[in-house]
Amino acid sequence: MNARKTWLNLVALALSAAFLFPVYWMFATSFKSDSQVLTRDPVFFFTPTFEHYSTATGVNLFWTYVRNSLVVTVGAVLLALAVALCAAFALARMRFRGRRGMLLAVMMAQMAPWEILIIVVYLNARDLSMLNSIGTLVLVYFVMALPFSIWTLRGFIAAVPKELEESAMIDGCNRGQAFFRVIFPLLGPGLMATSLFGFILAWNEYAMVLVLNKAPDAATLPLWITQFQTNFGNDWGATMAASSMFTVPVLLVFLVLQRRVTGGLAAGAVKG
């Protein structure tokens, strides 16, 4: 048994190393000099330099990209949470005609690849004069995050015993007060998992912003990463520096909240 556990641990370590090595190489490359980046033989030991980070942050409108990404991400997450919370409560607690059909529609929307809708979204945004707008990105990312948010929060709400809500209503609370005083405080892990999913989706999404927001002052950080090209090819050092800066916020938040996020995803997937 111990030998089997040892082998499983070794396999897990090997798989972890295989998955983490590209991340390590991205961060390591961002601190190398140009000659070390472009050398044929890999360089593992070097003196760190921050010249690539200076190049990455020195591009025109860098802070505009940062602001746009923050506004789009936070706006989409908050909007998705507000709407999904209401829809999830209705699906988990109420019985009405068409409920099963709505659940099926939510599941199908969650499974569908959003890339197939890029042309339709672009044509509608063009006809409504909504291209190169931060508000358009907020609405698009909100719609993309909504099915997963509804499905996850529905599982959490369904996991809360109905007796708690009924007891609060017997004590004089109406349905809304019972929800906010009894159910809502218990939804912390679910809200956290849902908000982090929306954050990662809106923070990383590239295709929609590439099609909808080509104007530099309406772009977000994913487009900023693609700018480091010279007459001689890609500036890989600056690209790796930009990618590292872009990745750090998501990694830090996810590592800090990993347990609650994992629990939230599992509970939202199987409860109800």
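How much length is gained if the chain between VAL66 and LEU131 is pulled fully straight, taking 0.36 nm per residue apart and subtracting their Cα-Cα distance, in nm to one decimal?
21.5 nm
Given a 1.4 angstrom probe, I'd like the percentage of the accessible area of segment 1-116 that is carbon and sulfur, rounded to a whole number. Please report the intermediate quantities before stating the final value.
Working: 5590 of 8000 Å².
About 70 percent, which is the carbon plus sulfur part of the accessible surface.
When the dipole is taken about the Cα centre of the chain, and only Lys, Arg (+1) and Asp, Glu (-1) are charged at their Cβ, what size is it in debye, to the nearest 20? The partial results should precede the final answer.
Values: 19 positive and 12 negative charges, 226 e Å.
With only Lys, Arg, Asp and Glu charged at Cβ, the dipole is about 1080 debye.
Students often forget the sequence filter, so: which aspartates and glutamates lie under 20 Å Cα-Cα from LYS162 once same-chain residues fewer than 8 apart are removed?
Counting by Cα, and skipping residues close in sequence, LYS162 has these aspartates and glutamates nearby: ASP171.
Please report, ordered by residue number, every helix of the chain (full DSSP H runs) that is 15 Å or longer along its axis going by C-alpha atoms and whose mean Kyte-Doolittle hydropathy reaches 0.0.
The qualifying helices are 2-30, 62-93, 99-111, 134-159, 188-204, 236-256, 258-270.
Once the Cβ-Cβ distance between THR55 and PHE96 is put in as r, and R0 is 51 Å, what FRET efficiency do you end up with, to the nearest 0.05?
Working: r = 57 Å, r/R0 = 1.12.
According to the calculation, E is roughly 0.35.
Mind checking the per residue accessible area of segment 191-260 for me, 1.4 Å probe, whole number of Å²? Could the numbers behind the result be given before it?
Details: 3490 Å² over 70 residues.
So segment 191-260 comes to 50 Å² accessible per residue, rounded to a whole number.
What distance in nm separates the two pseudo spin-label positions at ARG40 and VAL256, each 7 Å out from Cα along the beta-carbon direction?
It is 4.6 nm.
Please work out the FRET efficiency for the pair GLU166 and ALA109, using the Cβ-Cβ distance as r and a Förster radius of 35 Å; give the result to the nearest 0.05.
Details: r = 32 Å, r/R0 = 0.91.
Plugging the Cβ-Cβ distance into 1/(1 + (r/R0)^6) gives 0.65.
Roughly what would the spin-label model give for ASN9 and TYR122, points 7 Å off Cα along C-beta, in nm?
5.3
From the residues TYR53, TRP25, LEU104, which one has its Cα farthest along the dipole of the chain in the positive direction, the dipole being from +1 and -1 charges on Cβ of Lys/Arg and Asp/Glu about the Cα centre?
After comparing all options, I get LEU104.
For a quick check, take a GNM of the chain with Cα springs below 10 Å and name the residue from ALA112, ALA17, ALA159 with the largest mean-square fluctuation.
Maximum among the listed residues: ALA17.
Hey, can you find the accessible area per residue of segment 134-178 for me, probe 1.4 Å, expressed in square angstrom?
On the way: 1910 Å² over 45 residues.
Per-residue accessible area for segment 134-178 comes out at 43 Å².
Only Cα pairs within less than 10 Å get springs; with that Gaussian network setup on the chain, which residue of MET208, MET94, MET107 has the largest fluctuation?
Of the options given, MET94 has the highest mean-square fluctuation.
Taking loop as defined by DSSP and a crowding limit of 11 other beta carbons within 10 Å, which chymotrypsin sites (Phe, Trp or Tyr not before Pro) in segment 214-243 fit? Please report the intermediate quantities before stating the final value.
On the way: sites: TRP224, PHE228, PHE232, TRP236; in loops: PHE228, PHE232.
Hits after loop and neighbour filter: PHE232.
Ignoring the sites themselves, what is the longest stretch of the chain with no trypsin sites (Lys or Arg not before Pro) in a DSSP loop and at most 15 other beta-carbon atoms within 10 Å? Please list the in-between numbers first.
Numbers: sites that count: ARG40, ARG95, ARG97, LYS214.
Answer - 98-213.
The values are calculated or read from the model by the stated rules, or taken from the named source; none is laboratory data. The structure displayed is predicted, hence computed values, not measured ones. Cβ: placed from backbone, ideal geometry, glycine included. Neighbour counts: every protein chain shown. Surface areas here come from the heavy atoms of the whole protein model, side chains and all, with no ligands, DNA or RNA. Shrake-Rupley method; radii C 1.70, N 1.55, O 1.52, S 1.80 Å.
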